[in-house]
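To start, the structure under review is shown below, and the notes come after it.
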Amino acid sequence: MSYEVMVGNKAAATACKLARVQVASAFPITPQTTITQYLSEMHAAGEWDFDFVNVEGELSSQVVVQGASRVGARTFTCTSGPGLLYMHHPMQTTGSGRLPVVMAVVHRSYKAMQPDHSDLMSQQWTGWSHWYVEHAQEVLDSLLMAYKVAEDPRVRIPVAVGYDGYVLSYTAEPVDIPDQELVDSWLPPNKPMPSIIPDEVDKKSFGRGWGGGDPQMAWKVHHDAILGIEPILKETMDSFEKTFGRRYGNGLVQEYMMDDVDVAILAMGTIAGTCKAAVEKMQKEGKKVGLIKLRSFIPFPENDLKEIAKRVEGIAVV
């Protein structure tokens, strides 16, 4: 392993290299732009064997990785804010097709350039798993874990890893880059799978609505698969720690200074880092306050939060 000072967007591009992504496609939009730049430079330099597809817009980039994923390629795309809205239509078919696409969403508002979570929050019903991360190291690590989870035969669900624009995308910090051989041993190549849409559903062609069958059966299977991510993400976090020496709680939630506290702050994204500093300060002042960092929004770790809530008198949501 080696350390390199890099911005969050470079950490995302580096994760693609470590994961040996086979097809990447993206259209630049602030503050995601430099991921596209880094991937283009890596492709031009021949840093690893992959196809980088330049497109005229975000909708097309999602369609490119959707098609590549259908034939078994490991794929990556990325966007921000309004670009994610432009992807909404093909995101639905990526989700309903149970395609293990991984996407980085670099958060920004629709109405302005400042970061907020409204972009990814608007895509809750597209059939994807949504994760939120705090810092550049977690960007790299979570994208690697996203491939491990998304491509698991028990899951086959696309994963969006969200992180805050500017605050994280353009801020440099030390990142521990694992050895390629170690990543290869932990994350084997993606194995193409036959359709896992139930046989009751008419699936004679790709990319169209289900006709003459039972679409509710397909969505029931999809819903169950998303709920089934919880134990698999916990399992993945355990194996990640064993291989790389880092962990983020149980994968769904991460507790910070939660021993013998009366109140917990609940936060996700980079603001969790600010909350950590606040918790440290308050505990030095004798206040019994801890932090719960929410990492997975979909699936939502309801049971984990209920168990934590039993130990405190109140939870403040930031």
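Dividing the helix sum by the residues of the chain, where each DSSP H run of 4 or more adds -39500 (n - 2.57), gives a mean residue ellipticity at 222 nm of -12000 deg cm²/dmol.
Going by the alpha-carbon gyration tensor, a ≥ b ≥ c the square roots of its eigenvalues, is segment 254-317 rounded (a/c under 1.5) or, if a/c is not under 1.5, prolate (a/b greater than b/c) versus oblate?
Values: a/c = 2.67, a/b = 1.33, b/c = 2.00.
Oblate, because a/c is 1.5 or more while a/b does not exceed b/c.
Legend: distances between Cα atoms for K148/K191; K148/K242; K234/K310; K234/K293; K191/K242; K148/K234; pairs beyond 18 Å are K234/K310; K191/K242. Working note: Karplus 6.51/-1.76/1.60 with θ = phi - 60° gives segment 96-113 the couplings 5, x, 6, 9, x, 6, 10, 9, 9, 10, 8, 4, 8, 6, 6, 8, 8, 8 Hz, where Gly and Pro are set to x. Relative contact order for segment 241-297: 48 percent, from Cα pairs under 8 Å spaced at least 6 residues apart, divided by residue count.
The modelled label-to-label distance between V312 and F300, using points 7 Å beyond Cα along the C-beta direction, is 1.7 nm. Once volume of the Cα convex hull per residue in Å³ is calculated for the structure shown, the corresponding label among [x] 132; [y] 250; [z] 144 turns out to be [x].
At a threshold of 8 angstrom on Cα-Cα distance, excluding pairs fewer than six apart, so keeping six or more, what relative contact order does segment 267-318 reach in percent? Relative contact order, segment 267-318: 39 percent. Distance from the C-alpha centroid of segment 132-146 to that of segment 69-90: 18 Å, rounded to the whole angstrom. Between T171 and S185, the simple label model (points 7 Å from Cα in the Cβ direction) yields a spacing of 3.4 nm. With a cut-off of 15 Å between beta carbons, the residues surrounding S118 carry a summed charge of -1, where Lys and Arg count +1 and Asp and Glu -1. Let me make sure I get this right: for segment 1-146, a, b and c are the square roots of the gyration tensor eigenvalues over alpha carbons, sorted descending. Under 1.5 in a/c it's rounded, otherwise prolate if a/b > b/c, else oblate. Which is it? Judged from the Cα gyration tensor, segment 1-146 comes out rounded (a/c under 1.5). Computed from the Cβ-Cβ distance with R0 of 35 Å, the FRET efficiency linking H88 to W48 stands at 0.70.
Using 0.36 nm times the number of residues separating R247 and A277, minus their current alpha carbon distance, what extension gain do you get? Could the numbers behind the result be given before it?
On the way: separation 30, 0.36 × 30 = 10.80 nm, distance 1.95 nm.
Contour length minus Cα-Cα distance gives 8.8 nm.
Length available on full extension from V55 to V263: 0.36 nm per residue minus the Cα-Cα distance, which gives 70.0 nm. Of A264, A24, A112, which is the most mobile in a GNM of the chain whose springs link Cα atoms less than 10 angstrom apart? Looking only at A264, A24, A112, the largest GNM fluctuation is found for A112.
Which trypsin sites (Lys or Arg not before Pro) from segment 78-177 combine a DSSP loop assignment with at most 13 other Cβ atoms within 10 Å? Sites meeting the loop and neighbour criteria: K111, R154. The mean sequence distance of close C-alpha pairs (under 8 Å, at least 6 residues apart), as a share of the length of the chain, puts its relative contact order at 18 percent.
Charge tally around E313: other residues with Cβ under 11 Å, Lys/Arg +1 each, Asp/Glu -1 each, net +2.
Which is the longest part of the chain that has none of the chymotrypsin sites (Phe, Trp or Tyr not before Pro) sitting in a DSSP loop with at most 11 other Cβ atoms within 10 Å? That would be 1-124. Is the shape of segment 204-318 best called rounded, prolate or oblate, per the rule: a/c under 1.5 gives rounded, else a/b larger than b/c gives prolate, else oblate, with a ≥ b ≥ c the square roots of the Cα gyration tensor eigenvalues? In terms of gyration-tensor shape, prolate.
Model label points for M113 and D224, set 7 angstrom from Cα along the Cα-to-Cβ axis, are 4.9 nm apart. One decimal place: the segment E4-K288 gains 98.6 nm when fully extended, by the rule 0.36 nm per residue minus the C-alpha distance.
What net charge is computed for the residues neighbouring V23, neighbours being all others with C-beta under 9 Å from the C-beta of V23, Lys and Arg scored +1, Asp and Glu -1? Walk me through the numbers before you get to the answer.
Values: positive: R74; negative: D51.
Computed value for this residue: 0.
Within straight-line reach of K281, meaning a Cα separation under 17 Å, sit the following aspartates and glutamates at least 8 residues removed in sequence or on another chain: E255, D259, D260, D262.
The C-alpha atoms of the chain define a longest principal axis, and helix 136-150 lies at about 50 degrees to it.
Read-outs throughout are calculated quantities, based only on the coordinates presented, and are distinct from any laboratory measurement. Just so it is clear, the structure is predicted and the values come from calculations on it, not from any experiment. Neighbour counts run over all protein chains shown; Cβ positions are idealised from the backbone, glycine included.
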